[in-house]
Structure formats: C-alpha cells, structure tokens
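Worksheet: one structure, shown below.
The values are calculated or read from the model by the stated rules, or taken from the named source; none is laboratory data. Owing to the predicted nature of the structure, the values given are computational and were not obtained by experimental measurement. Every residue, glycine among them, receives a Cβ derived from its backbone with ideal geometry; neighbour counts consider all protein chains shown.
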Amino acid sequence: MSLPKINPTTAKAWQELREHFLAIKDLEMKNLFAADADRADNFSIEWNDFFVDFSKNRITKETLDLLLKLAEETKLKEAIASQFSGDIINETEGRAVLHTALRAPESASIVVDGVDIIPEIHQVKKSIENFTNEIVRGELKGYTGKAFTDVVNIGIGGSDLGPAMVVDALQFYKNHLNTHFVSNIDGDHIHEVIKKLNPETTLFVIVSKTFTTHETLTNANTIRSWFLEKASEAAIAKHFVAVSTNIASVQEFGIHPDHIFPMWDWVGGRFSLWSAVGLSISLSIGYDNFDKLLSGAYKMDTHFKTASLKENIPVVLALISIWYNNFFETESEVVIPYTQYLNQFTTYLQQGIMESNGKSVDRNGKPVNYQTGTLVWGEPGCNAQHAFFQLIHQGTKLVPADFIGFAESLHGNKEHQDILVSNFIAQTEALMNGKTEVAVISEFEPNNISSEKIKHLVPFKVFEGNKPTNTIFIKKLTPESLGKLIALYEHKIFVQGIIWNIFSYDQFGVELGKQLATNILTDIKNNTFANHDASTANILKYYLKK
Ligand code: F6P
C-alpha cells in the first residue's frame, strides 16, 4: 500500500485549527493552569521510565482534539501500519523504510520482495556480536600480534552522526577501546585523529551505505596509505572492516569478505545506527549494551504502533510541533538535553529532522502551500542557558523547546545532580510564567535606588513568559532509555512527514552541491575558472592565487 497523498490544508481539521488558532493564540498558559486543576495530569504521559509533560504548551483540550482529528484525516494510522509492514513508502527511491525491523525480535516476520528479512537481520547481528567479542577480548589481533586499543569509524552523515552521538552518549558504559570518528574531508580533521594512533593496534571501520561517498572514500584511502607506510598489503585484511550495501566496491578496496558487514537499501542512512552501521557502538560499549539500545528502540516502536494516538508520545509531540510550525508560524525548535552525555544529540537530530522533512514538494509532486520541516538546534543545559537562552526568554521569536532530563546521574554526585535538575525544571517554569512588572519592582531595594531609575529599568527586566516547552524526563541514561529516546524522535519525524504530505526518506537536496563540487574540483586541478557566475569565479580565482 502506498502512502496517502492528502494535502493537509484541505482537511476539515486544518480549517478548524485555523479558526481555533485565532481564538486562542493569545491565551496565557498560566491562566490555563489556573482554570484547570487537572491540566498537568491531562497533558502528560507516563510510559515505562519516561515522563512526558506537554502541559506547558499554548494548547487547550480542543487544540489537541483538532490536531488528533488532523492526524486521522491525513490517515496517520494507516501510514504507521504501512511503514511497519514494509510497504514501499519511500516511493521516490522505490524502497521500504524498515529501520524498525532492525530492532524487531527474532520471532517477528517482515516480508520484503517476498523474503522474510528478520532471519538475515539476526544473522548480521550475530556476526556483529561475534566480531565485537573477538575484538574486545583481544582474540583478534593486529598485524604485529598486539590486541586492538583503538577503533576509527570512517563515514559521514548517517554513517557517522548516529554512531558518534551514541558512543559519546554512552561513554559511561564503554570498555577499554578508544573510539574515534573521521567524517570531514578536511585533511586537518583526519590528521588530528591519526596522529594519536598506532597502526599496529588500530581497527578501521569504513561505513558507507553506498560506498561511493567522496568524503568517506577519500578519507579511507588516505588512512589506507598512512597504514601502508608501516604495514604490508596483507595487513589490511586484519585492520580494515566495512559496512555497506555495495559489497563489490568494498571487496575492491581490499577488505576481507569475512569483515564485510552488509546493510540493506531499506535502511535510510540517517536511521541506520541500529544496523551494522552501529558496529563502532557495539565495539565501544559491548554487544550486550548495543542490543539493549535496540531493545529500547523496539519498546518505543511497540508503543508507537499500538498506543492510541492520544496516548502516543511521538504522535503527540509531532502534533504539537505542527501546531507551532503551521499555525503560530514558528521557524525553529530547540532541543536542550540536561546531560553533557547528550552533547551531540541535537547535531544528530539535525540530520534526521532536516534531511527528512526539509522538502517543498508534496507526495503528489506539487509545490506545498504550507510550511514543512522545522529548523532544529540546541546544546546541553546548563551551558545553553549561559549562551542563547536570553533570546528564548526575551527575544522576539517564539521558539518551542524540548527539555530532556534524567532523574539519576550516572556517577551519583547528588549535589551536582540536584543543581542540574533544579535548572532543568526552573527553566520551563520561567519560560511559562515569565516575570511581571510587579514582581520586578518588588525585587528592587527602594532605599538603594531612585524610583526614577526603577521605572527606567523595569521594562528591560520584565519577562513576557508564555513560551512553550515539552519536558521529557527519563529515569536514567542507559543504552535502553537512549534507544527509546532516539526512536521517539524518529517516529516524530515520520508523523510530521505523513501529515505534511511529503516524502521523508529521500534526500535529493544534497545532490546538487556534490555534483558542482566535482566540477569545481576539475577546475582547481586545471587551474581554470570559466563557466561560472562572476561571484563563484572570483572565489575560485582567490583560491587558485592563494
Ligand atoms: O548527505 C547525503 C547522504 O546520502 C546521507 O543521507 C547519508 O547518511 C550520507 O550521505 C552518507 O552516505 P553513505 O553512507 O552512502 O556514505
């Protein structure tokens, strides 16, 4: 079954939401709380080790009901069933979208092109497990007989961001192996990484779904040459492994067939960390923890697939985001994790969200007449508070925010944790309540400052408030809870793509730049700058003169 192709603005609920928006857009959240003693309970979902509070949003029960009606009218439920069952929902590339199959149990059955893909997935998982154990236990050794100490993941985009984010996020669970990531074509990046490495004890994992990506292949070749300065061709087989769908090109690179981990075209790059693309995760935290990451994601998949839309965390968060994006016309959303471990989380989400839903043509091939993908940005709190929160509190832009926090710290420093969590909670309270003129005036010590000065300062110190936030409070950062959290955002992306009537699983927008870079590289090699606009030619000349 193909995806529905309904322009959301033609849905009855969309028209009703428009009228409803005009009626409630100026309501103050604090008044909504004052009027409804049950608001916090009615606008929150407790599920497993997650507590999701979405009551601090500029919504009423009617808003939510209309958004849910929009989801029904745009056939979200049918689309969810289509995705999980392996329908070709990535229509522009003619593929199913089955990252969810990667975390399904062995007892499941999902058929693609007449073949049940679950046994093959579990076979590859077994080879990830065996390989991880052999490397971690030091059974597989380098060309001089020494055990491996370092792993370098060579990949870009989805072949880098997911593994890099998870390895960083789960460093508390890591073993003795040091994991590094080389992604940028920038030669300085690769040299900064390899200067710390001993080729005798380093394992290189080349990750490229297509095995044609210029950055990754250039980096892999540079590392290969560096390695061959010390070792022989035969040693390549011990030190290089690859993850790809393009087995022929991997073999051409010289990788031993036993060290090729396959993936499938029904896994999108930005959703691929659950496949062998996550090999560096497995190596870093051990296979059992990698498996727990997958089982956490599976739990979220089951919740997404089976909970009613109203009780469905990814659905509710996606709908609230649509409410701001399409009715308040906000441009961006900020994600603030209150743990340094999730330092790379927003960077990771940027690819997932913006590569998926940064589209302006709908599923009928027509230009959209409404806004689609949001900009996403953010940094861990409290650091973010001391960087850009000023704009969120007192700027002119409305920036809906997701606050992600963990009740328990991993190292157990209670004093720090209490301060961290106080900030996590206080910020959403401050963003909602703001600070009134009366409150500002009451803070001045009248004896120390003239009433004229107070009058002058008050406008600068007032916080308007009424800034929306979601709180995602999780018991503890574990491989399993992280798996749930990542899957939550994956499903939010999906829901939004369905309702916006766009194809979320292609990324043609990144191709043009790649093509033009190839042309410019030829110009650089030939020292020419014709056939470009005047600006581009001048920039090229500047480089050629350098
Ligand atoms: O940037 C485009 C893109 O295709 C991403 O979607 C993908 O994650 C990345 O390039 C890397 O691709 P590959 O894994 O094929 O090297």
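From the list Asp160, Asp116, the lone residue that is out of contact with any Lys or Arg (no Cβ under 9 Å at 6 or more places or on another chain) and closer than 25 Å to Phe211 by Cα is Asp160. Of all the listed residues (Ile441, Ile425), the sole one being at pLDDT below 95 and aliphatic (A, V, I, L, M) is Ile441. When Ile425, Ile392, Ile454, Ile441 are screened for being surrounded by fewer than 20 Cβ atoms within 10 Å (Cβ to Cβ), part of a helix (DSSP H, G or I) and in the same structural domain as Val335 (by TED's automatic domain parsing), only Ile425 passes. Total residues in segment 152-180 satisfying the condition of being touching a His at 6+ places or on another chain (Cβ under 7 Å) and either more than 16 Å from the ligand (Cβ to nearest atom) or over 22 Å from Phe271 (Cα atoms) (or both): the figure is 0. Just to be sure I understand, how many residues within segment 460-471 are of a type outside the set (D, E, K, R) and either crowded, with 23+ Cβ neighbours inside 10 Å or in contact with a Leu (Cβ under 6 Å, 6 or more places away or on another chain) (or both)? Looking only at that region, the number is 3.
Comparison of Thr330, Thr346 shows that the only residue that is assigned to a loop (DSSP other than H, G, I, E, B) and among the β-branched types (Val, Ile, Thr) is Thr330. For segment 139-162, filtering for residues that are basic (Lys, Arg) and assigned to a loop (DSSP other than H, G, I, E, B) leaves 1.
Tallying residues that are assigned to a strand (DSSP E or B) and surrounded by fewer than 21 Cβ atoms within 10 Å (Cβ to Cβ) within segment 163-201 yields 2.
The set of residues in segment 202-225 that are surrounded by fewer than 17 Cβ atoms within 10 Å (Cβ to Cβ) and either without any contact (Cβ under 8 Å) to a residue 60 or more places away in the chain or more than 15 Å from the ligand (Cβ to nearest atom) (or both) comprises Thr210, Thr212, Thr218, Asn221, Ser225.
Kindly check whether there is at least one residue in segment 241-250 that is more than 28 Å from the chain's Cα centre (by Cα) and surrounded by fewer than 24 Cβ atoms within 10 Å (Cβ to Cβ).
The answer is yes; a qualifying residue exists.
If I filter segment 27-53 down to residues being more than 20 Å from Glu408 (Cβ to Cβ) and assigned to a loop (DSSP other than H, G, I, E, B), which single residue comes out as nearest to the chain's Cα centre (by Cα)? Taking the candidates together, the pick is Phe43. Taking each residue of segment 253-269 that is assigned by TED's automatic domain parsing to the domain that holds Leu217 and within 14 Å of the ligand (Cβ to nearest atom) and looking for partners that are in a strand (DSSP E or B) and hydroxyl-bearing (Ser, Thr, Tyr) with beta-carbon atoms closer than 7 Å, six or more apart or interchain, yields Met263/Ser244. Entry remark, segment 352-369: residues being surrounded by fewer than 16 Cβ atoms within 10 Å (Cβ to Cβ) and not basic (Lys, Arg) number 6 in total. Checked against (1) out of contact with any His (no Cβ under 9 Å at 6 or more places or on another chain); (2) surrounded by fewer than 17 Cβ atoms within 10 Å (Cβ to Cβ); (3) of a type outside the set (Phe, Trp, Tyr), Leu17 passes all but condition (2).
Looking at Ser272, Ser282, just one residue is touching a residue at least 12 places away in the same chain (Cβ under 8 Å), more than 16 Å from the ligand (Cβ to nearest atom), buried (at least 23 other Cβ atoms within 10 Å of the Cβ) and within 23 Å of Pro119 (Cβ to Cβ), and that residue is Ser282. When each of Asp65, Asp49 is tested for being in the same structural domain as Lys492 (by TED's automatic domain parsing), charged (D, E, K, R) and under 22 Å from Ile486 (Cα atoms), the lone residue that passes is Asp49. Summed over segment 85-129, the residues that are assigned to a loop (DSSP other than H, G, I, E, B), surrounded by 21 or more Cβ atoms within 10 Å (Cβ to Cβ) and in contact with a Gly (Cβ under 9 Å, 6 or more places away or on another chain) give a count of 4.
The listed residues are Lys525, Lys484, and the only one of them that is of a type in the set (D, E, K, R), at pLDDT 95 or above and in contact with a strand residue (DSSP E or B) (Cβ under 8 Å, 6 or more places away or on another chain) turns out to be Lys484.
Tell me which residues, restricted to segment 239-252, are away from the ligand (no atom under 13 Å from the Cβ) and either part of a loop (DSSP other than H, G, I, E, B) or within 22 Å of Val267 (Cα to Cα) (or both). Listed by number, the residues that qualify are Val241, Ile247, Ala248, Gln251.
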